Amino acid sequence: VVCISGCAAAYRISAINGVIDEWRVQRFLGRYCKDSEDRGLTTMLLRSGYSTVYSPDALTSTYVPERFAKYVKQQIRWRRGFFREAILGCMFMYKRGIGASALFYANNFATILAPFVTLIWVFILPIFFGLWIIGVYIIGAALTTIGISIYCRIERKDYSIFSMLAWAIFNLLTNPFISLYAYLTVRNGGWLTR
């Protein structure tokens, strides 16, 4: 687990004591890190050799943005933190074993490239191949989402395939722009939603 979500986190005090001072003053590109504290702390713990564990039965609640503008600001903040910690994690994750490091690097590579791939398929390729190419992209994204949805439905009986499809469509329309903006403004340190 490369991000122990703040609202569902539990830590060993002995692990935290080794990184807490560094975490309090974490800087990236010359600026103090005010966002994604949970991901930053997880990165430091992983770098220190600790393991993180996912508990699928853990339950928690959190506040979520009720308006689109606040949601966008939250996502910008989260993606800036993801981008920062992905870069920092690349410097040591290769030491964590072949399985963990392969998943880490593949996920980061795919996540960082995803908005660029979307923009190329939706805005550049149609210039050369016609608008039908956008349909190919949408079908590919839908099939991927359906596959993930079926897997999640098998693992969790209460999981809604239709909700996942709606979420995927929403993400296809918003993710590339939010992610690109977040990557280009990664040095900005404002919380945005407080």
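The values are calculated or read from the model by the stated rules, or taken from the named source; none is laboratory data. None of these values were measured; they are calculated from a predicted model. Note that we place each Cβ from the backbone using ideal geometry, even for glycine, and neighbour counts take in every protein chain shown. All accessible areas refer to the heavy atoms of the entire protein, side chains included, with ligands and DNA or RNA removed. Shrake-Rupley method; radii C 1.70, N 1.55, O 1.52, S 1.80 Å.
Please specify each residue of the stretch 64-103 satisfying the condition of being assigned to a helix (DSSP H, G or I), among the aliphatic types (A, V, I, L, M) and open to solvent by 90 Å² or more (accessible area, probe 1.4 Å). Result: Ile98, Leu103. Test Ala114 against the criterion of being part of a helix (DSSP H, G or I) and closer than 29 Å to Leu45 by Cα, and give yes or no. Answer is yes for this residue. Please tell me if Ser61 is out of contact with any Phe, Trp or Tyr (no Cβ under 9 Å at 6 or more places or on another chain), open to solvent by 60 Å² or more (accessible area, probe 1.4 Å) and touching a residue at least 40 places away in the same chain (Cβ under 8 Å). Yes, satisfied.
Within the stretch 7-47, the residues that satisfy the criterion of being among the aliphatic types (A, V, I, L, M) and either modelled with pLDDT under 90 or out of contact with any Ser or Thr (no Cβ under 9 Å at 6 or more places or on another chain) (or both) are Ala8, Ala9, Ala10, Ile13, Ile16, Ile20, Val25, Leu29, Leu41, Met44. Out of Tyr71, Tyr94, one residue alone is under 18 Å from the mean Cα position of the chain (by Cα) and without any contact (Cβ under 8 Å) to a residue 24 or more places away in the chain. It is Tyr71. Restricting Val136, Val122 to those that are farther than 28 Å from Gln74 by Cα and either open to solvent by 70 Å² or more (accessible area, probe 1.4 Å) or assigned to a helix (DSSP H, G or I) (or both) reduces the list to Val136.
Does Gly6 satisfy the condition of being touching an Asp or Glu at 6+ places or on another chain (Cβ under 6 Å) and more than 19 Å from Arg187 (Cα to Cα)? For Gly6, the condition - touching an Asp or Glu at 6+ places or on another chain (Cβ under 6 Å) and more than 19 Å from Arg187 (Cα to Cα) - is met. For the stretch 147-162, the candidate set comprises residues that are open to solvent by less than 90 Å² (accessible area, probe 1.4 Å) and outside any helix (DSSP H, G or I); within that set, the residue that is modelled with the lowest pLDDT is Tyr159. Among the residues of this structure, Thr144 does not count as one that is farther than 22 Å from Glu85 by Cα, part of a helix (DSSP H, G or I), of a type outside the set (A, V, I, L, M, F, W, C) and touching a residue at least 40 places away in the same chain (Cβ under 8 Å).
Going through (1) more than 19 Å from the chain's Cα centre (by Cα); (2) in a helix (DSSP H, G or I) one by one, Leu59 falls short only on (2). List every residue pair whose Cβ atoms lie under 8 Å apart, where the two residues are 6 or more positions apart in sequence or sit on different chains, the first residue falls within the stretch 160-177 and is closer than 23 Å to Ile76 by Cβ, and the second residue, located anywhere, is open to solvent by 50 Å² or more (accessible area, probe 1.4 Å) and at pLDDT 80 or above. Going by the 8 Å Cβ cut-off, the qualifying pairs are Leu172/Ile138; Pro176/Phe116. When the stretch 81-101 is filtered for residues that are among the small types (Gly, Ala, Ser) and under 17 Å from Ser51 (Cβ atoms), the ones remaining, listed by number, are Gly89, Gly97, Gly99, Ala100, Ser101.
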